[in-house]
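**Q** The structure's right below; bear with me while I get my questions together.
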Amino acid sequence: MINTSVQENTKKVMDILFKNGADNKFLELPEETAKDIALSEVIGFMTRDQEDRDVLNDIMTKVLTDPSDMIYRQEIIKDLMANEGLCDALKKEISAIKLLIYFNNGAKRMHDRNNSLDSLLEELRELKVYVSAVGNIHNALSENDIRSEGLLSLRDSLRAIVEDEEFKSVKPDIEKIHDDLSSAKGAVIGVSLTPDMEIENVSAIEFVDFKPRSSYTIMDVAVGSRIKNPFNTYKYQDPLLTAMTPHLKKHLWKHTGEIRHLIKKHAKYDSRILTNIYNGLVFYLSTADLGKKLASDGFVTSFPEITRTHSLEVKGLYNIRLAIAGQEQIVKNDFSFTDKEKLFILTGPNRGGKTILEQGVGLISVMASLGMFVTADSFKGLPFKNVLTHFPIDENLTINYGRLGEEAIRIKEIVKDSDRETLILFNETFSTTSSADAMFLAKDLIRILKEKGSYVIFNTHIHELAAAIPEMNAWEGESSVVSIVMEMKENKNTFKVRRSDPDTSSYARNIAEKYGITYEQMKEL
């Protein structure tokens with residue numbers, strides 16, 4: 001039974017991922033969105049450990065909806081990025097917390113509820129790991145300059161435990177039992193053998209506080225018909241060890257009452273104060289490592305200035321995928337959403353950076369909403385509560401409905417799930433149908449999203465769509481539709497985005513020259 005003070009402190013740190021310990025103030029990111037913005041690629045770069053990747057995937061696909069939670073996480077990450085020693089200390093305790101999670105496994109507890117000696121020894125080990133981890137984490141938090149509410153709360157909760165008089169006696173109690181259990185360093189045994197040199201029985205055994213030495217090994221003594229034959233199917237059990245087992249058990253049983261008394265004495269301590277923060281620590285430490293890695297490679301990151309207004313202004317944006325890939329010369333862009341400008345028609349040449357820009361906008365919104373830093377010079381505004389995407393999918397998945405039928409089904413769901421706090425990223429939607437049909441379908445889609453007040457980037461090769469913007473701006477809805485293009489200069493991609501009407505002829509010329517099919521190039525053939 002946990003006493004009141006410890007129980008109250010445990011509640012404060014039940015989950016360091018949320019400011020008030022709640023775990024329902026988020027929206028699950030659609031699987032398609034996570035795939036389209038390449039979130040798994042970012043997670044894979046953060047850690048190579050598959051278990052940690054699973055933890056990160058679970059956390060990073062849950063978009064926070066409360067700005068106070070975003071700021072709460074930001075402050076913890078700032079503390080960790082500023083304190084290398086704190087990160088190192090916490091990483092050392094991660095394995096201890098994982099061991100405590102194993103001890104707390106429900107199935108294991110049901111199996112071990114027989115109060116056997118093995119079970120008692122396991123509980124003793126759990127208590128030892130818990131005491132060590134609590135003390136080490138408390139020391140690390142106390143010795144470093146931390147300012148975040150989350151880590152300060154954790155430090156204070158652990159301080160209430162380590163300063164408890166009974167807790168102070170746990171470690172000496174454990175050490176005493178450990179010394180008693182370890183007093184026997186070896187055993188001198190008397191063995192009776194049969195005429196065939198097989199072990200008949202252990203006739204005497206005496207535990208000693210030193211390690212006896214002999215020129216013989218157990219396998220030297222245990223010769224005869226019991227040696228495992230490679231053609232036999234039964235598993236060989238060493239007869240000497242089998243005979244010694246009862247004597248070993250008897251030696252340990254002398255300490256059973258002492259161990260049971262110690263465990264009962266300190267039963268009030270609850271390891272969930274550590275196990276419940278495991279996922280949070282994996283997320284924070286991995287994020288801090290990612291930030292330090294980007295900084296060491298010369299990439300700029302910043303922490304978003306979270307506001308309560310639904311607008312977004314980003315300066316110096318770049319897609320983190322480019323940094324992960326090791327690209328050195330990365331072109332940055334500015335991008336803004338306001339109440340009056342929510343819908344953007346994005347056009348430009350092939351491989352001009354349209355998809356990279358879209359992904360970058362989606363990624364920094366998700367990263368900001370998770371409380372992470374962003375890959376931009378600055379970020380001001382409120383991250384979107386939901387991010388929906390419609391990118392091209394594998395043709396094998398369109399067998400039942402065809403490409404256009406598949407698009408229609410997905411778009412219907414996107415429209416149903418969208419609202420005034422949703423960002424929607426379209427990538428070459430309706431590109432497999434005729435230009436006239438695509439124009440008709442795209443206009444209807446943009447019209448309904450304009451009425452709903454959603455934020456949209458519509459990446460397309462339908463240049464006529466941008467030409468129809470004056471017509472679109474006459475539709476119902478408070479936001480304007482804006483044409484933006486990926487810039488070209490001297491027939492080369494600059495990867496910069498700017499406001500402009502699409503230049504169809506220059507894009508076509510760019511593609512033709514790239515593949516050698518201009519009139520001049522083909523004439524040379």
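**Q** Is it the case, given these coordinates, that Arg509 is in the same structural domain as Gly362 (by TED's automatic domain parsing), in a helix (DSSP H, G or I), more than 25 Å from Leu382 (Cβ to Cβ) and at pLDDT 95 or above?
**A** Values: in the same structural domain as Gly362 (by TED's automatic domain parsing): yes; in a helix (DSSP H, G or I): yes; more than 25 Å from Leu382 (Cβ to Cβ): yes; at pLDDT 95 or above: no.
So Arg509 does not fit the description; no.
**Q** Just checking, how many residues over segment 200-213 are modelled with pLDDT of 70 or more and in contact with a Ser or Thr (Cβ under 7 Å, 6 or more places away or on another chain)?
**A** Narrowing segment 200-213 to residues modelled with pLDDT of 70 or more: 200-202, 211.
Now restrict to residues that are in contact with a Ser or Thr (Cβ under 7 Å, 6 or more places away or on another chain): 200-201.
So the answer is 2.
**Q** If you don't mind, another one. For segment 142-151, give me each residue that is in a helix (DSSP H, G or I) and surrounded by fewer than 22 Cβ atoms within 10 Å (Cβ to Cβ).
**A** Once the filter is applied, which keeps residues that are in a helix (DSSP H, G or I) and surrounded by fewer than 22 Cβ atoms within 10 Å (Cβ to Cβ), segment 142-151 yields Ser142, Glu143, Glu149.
**Q** Condition (residue is of a type in the set (Lys, Arg), in contact with a strand residue (DSSP E or B) (Cβ under 7 Å, 6 or more places away or on another chain) and in the same structural domain as Leu343 (by TED's automatic domain parsing)) applied to segment 406-425: is it met by at least one residue?
**A** yes
**Q** Write out, first by first residue and then by second, each pair whose Cβ atoms fall under 6 Å of each other, whose residues are 6+ apart or on separate chains, and whose first residue, in segment 420-439, is under 26 Å from His310 (Cα atoms) and without any contact (Cβ under 8 Å) to a residue 40 or more places away in the chain while the second is surrounded by 16 or more Cβ atoms within 10 Å (Cβ to Cβ) and among the β-branched types (Val, Ile, Thr).
**A** Filtered contacts from segment 420-439: Ile424/Val456.
**Q** While we're on this one: If you take just the helices (runs of 4 or more DSSP H) that sit entirely in segment 410-503, which of them hold at least 3 residues that are surrounded by 15 or more Cβ atoms within 10 Å (Cβ to Cβ) and modelled with pLDDT under 95? So that I can check it myself, show each step before the final result.
**A** On the way: elements: 435-452, 463-467, 469-472.
Here the list reads 435-452, 463-467.
**Q** So which residues in segment 45-62 are exposed (fewer than 15 other Cβ atoms within 10 Å of the Cβ) and over 19 Å from Ser369 (Cβ atoms)?
**A** Matches in segment 45-62: Arg48, Asp49, Gln50, Glu51, Asp54.
**Q** Give the residue that is modelled with the highest pLDDT, with candidates limited to residues of segment 167-199 that are surrounded by 13 or more Cβ atoms within 10 Å (Cβ to Cβ) and acidic (Asp, Glu).
**A** Among those that are surrounded by 13 or more Cβ atoms within 10 Å (Cβ to Cβ) and acidic (Asp, Glu), it is Asp173.
The values are calculated or read from the model by the stated rules, or taken from the named source; none is laboratory data. Keep in mind that this is a model prediction, so the values were computed, not measured. Every residue, glycine as well, gets a Cβ built from its backbone with ideal geometry; the counts of neighbours run over all protein chains shown.
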